[in-house]
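If you scroll down you'll find the structure; I have some questions about it.
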Amino acid sequence: MTAVQPHQKAKALKPSSRRPAKELCSECGLCDTYYIHYVKEACAFLNQQVAELEQQAHGRSRNLDEPDDWYFGVRKTMVAARKQAPIPGAQWTGIVSTIAIEMLNQGLVEGVVCVQNTEADRFQPQPVIARTPAEILAARVNKPTLSPNLSVLEEIEHSGLKRLLVIGVGCQIQALRSVEKQLGLEKLYVLGTPCVDNVTRAGLQKFLETTSRSPETVVHYEFMQDFRVHFKHEDGSTETVPFFGLKTNQLKDVFAPSCMSCFDYVNSLADLVVGYMGAPFGWQWIVVRNDRGQGMLDLVASQLETQPVMSQGNRHQAVQQSIPAYDQGVTLPMWAAKLMGIVIEKIGPKGLEYARFSIDSHFTRNYLYVQRHHPQKLAAHVPDYAQRIVGQYKLPQ
Ligand code: FAD
Ligand code: SF4
């Protein structure tokens with residue numbers, strides 16, 4: 001007789017509206033499945049356990065005497081890369097989709113957990129287990145909203161898949177790592193992206209309406225290394241808005257409370273991370289965390305152009321000045337924001353220093369948020385590496 005796992009018994013107890021993390025829930029999808037049985041341990045917002053899970057996934061946790069470990073996590077190498085032939089319609093050049101397709105084509109995995117969109121709404125996430133290259137391609141480009149990727153966990157177990165790739169952001173991957181051993185897989189590969197400032201679908205609408213000249217035609221946007229938000233529209237045109245011109249006073253509540261209390265911007269627990277913020281403008285930033293991640297990257301090496309990562313400038317003053325400005329919801333007139341954008345693009349942080357700038361700005365903001373809204377969680381919820389990052393700055397009371 002097959003033993004029934006404790007989580008399988010929890011199915012009957014599964015009210016889909018139950019979210020033990022309450023307002024901090026990032027809708028990662030775990031609680032839509034009977035793996036809710038493990039939520040108290042697995043949820044990134046109930047049990048911060050980055051160091052323990054790093055040890056499990058990579059064989060070591062961050063070295064706290066090493067500042068680059070605070071920022072970028074456990075890693076073997078970092079590199080800047082772009083596809084020689086970019087995938088049309090991908091978020092950047094499509095390295096994530098390309099790795100997933102190669103892994104499927106070469107038989108390393110039988111399925112890929114990724115996020116397509118619903119037919120009715122290009123930004124409404126629809127997690128799937130893709131089993132063909134076409135299904136992976138249909139998931140390209142960010143759905144810049146909270147996405148319940150782990151809602152397919154029961155399907156994985158029932159499907160009999162044994163070798164799986166999961167693509168996801170930090171909070172999803174922390175919960176996944178926590179229940180990894182219960183999934184009955186022979187091999188799990190994890191391809192992560194950095195993630196910050198995510199929103200609900202309603203929050204996204206408010207952001208688009210507050211920031212873009214034509215919210216209904218936006219197909220893609222990104223906060224770029226040139227200190228501007230780049231919107232791409234249906235007709236192929238690009239619109240840019242300087243960070244310093246964002247209507248901070250109206251946007252303060254738009255980001256999800258989960259993202260305002262997240263300290264895993266760089267997806268610490270993935271085998272391989274593909275983002276952009278540590279690379280020069282137009283390039284993608286790749287962090288290889290362990291041997292499995294190196295193997296995944298090697299599969300697509302012949303399709304990539306690469307260059308070493310670089311670092312230039314000094315972020316500290318810009319971060320320190322931005323802390324009270326954000327806190328007070330200061331919004332500059334557009335002419336001043338554009339001017340400031342031009343100056344900071346010329347003399348501001350670049351490459352890895354830009355990534356540190358972004359991490360510092362978000363961690364200080366998030367630390368203040370947790371301190372003010374969830375003071376009882378502060379000590380346990382903020383990982384040691386993030387305490388060190390925040391400790392470099394003077395914060396308002
Ligand atoms: P593509 O080939 O286009 O593939 C994109 C993949 O992302 C798809 O496989 C899809 O399954 C997955 N995906 C889409 N939406 C979601 C979602 N909501 N949740 C989980 N997975 C999703 N990088 C940075 O360096 N700095 C950032 O601040 C940053 N913020 C991000 C915020 C969000 C909400 C997301 C989803 C990503 C963010 N990234 C960030 C990652 C970056 O935008 C690109 O996704 C990454 O560089 C991969 O680009 P690509 O062209 O290779 O991806
Ligand atoms: Fe459940 Fe995920 Fe929400 Fe935590 S973040 S309460 S694990 S759905």
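The values are calculated or read from the model by the stated rules, or taken from the named source; none is laboratory data. Bear in mind that the values here come from a model prediction, so they are computed numbers and not experimental data. FYI the Cβ positions are ideal-geometry reconstructions off the backbone, even for glycines, and counts take in every protein chain you see.
Out of everything in the stretch 134-191 that is within 30 Å of Val219 (Cα to Cα), of a type in the set (Gly, Ala, Ser) and touching a strand residue (DSSP E or B) at 6+ places or on another chain (Cβ under 9 Å), what residue ends up being surrounded by the fewest Cβ atoms within 10 Å (Cβ to Cβ)?
If we take residues in the stretch 134-191 being within 30 Å of Val219 (Cα to Cα), of a type in the set (Gly, Ala, Ser) and touching a strand residue (DSSP E or B) at 6+ places or on another chain (Cβ under 9 Å), then Ala138 is surrounded by the fewest Cβ atoms within 10 Å (Cβ to Cβ).
I need the full set of residues from the stretch 181-201 which are away from ligand 1 (no atom under 15 Å from the Cβ) and either within 21 Å of Ser361 (Cβ to Cβ) or not basic (Lys, Arg) (or both), in order please.
Gln182, Leu183, Gly184, Leu185, Glu186, Leu188
Let me ask something else. Just give me the residues in the stretch 80-126 being surrounded by fewer than 18 Cβ atoms within 10 Å (Cβ to Cβ) and among the β-branched types (Val, Ile, Thr), in sequence order.
Passing the criteria: only Thr118.
Going residue by residue through the stretch 116-123, is there one that turns out to be at pLDDT 95 or above and touching a Gly at 6+ places or on another chain (Cβ under 9 Å)?
no
Here's a follow-up. I need a count of the residues in the stretch 125-153 that are farther than 14 Å from Thr200 by Cα, assigned to a loop (DSSP other than H, G, I, E, B) and in contact (Cβ under 8 Å) with a residue 24 or more places away in the chain.
Residues meeting the conditions: 5.
While we're on this one: If only one of Leu251, Leu269, Leu204 is under 29 Å from His373 (Cα atoms) and at pLDDT 95 or above, which one is it?
Checking each option against the conditions leaves just Leu269.
Conditions first: (1) away from ligand 1 (no atom under 11 Å from the Cβ); (2) in contact (Cβ under 8 Å) with a residue 40 or more places away in the chain; (3) closer than 26 Å to Glu27 by Cβ. Pro242 passes all but one, so which condition is the exception?
If we test Pro242 against (1) away from ligand 1 (no atom under 11 Å from the Cβ); (2) in contact (Cβ under 8 Å) with a residue 40 or more places away in the chain; (3) closer than 26 Å to Glu27 by Cβ, just (3) comes out false.
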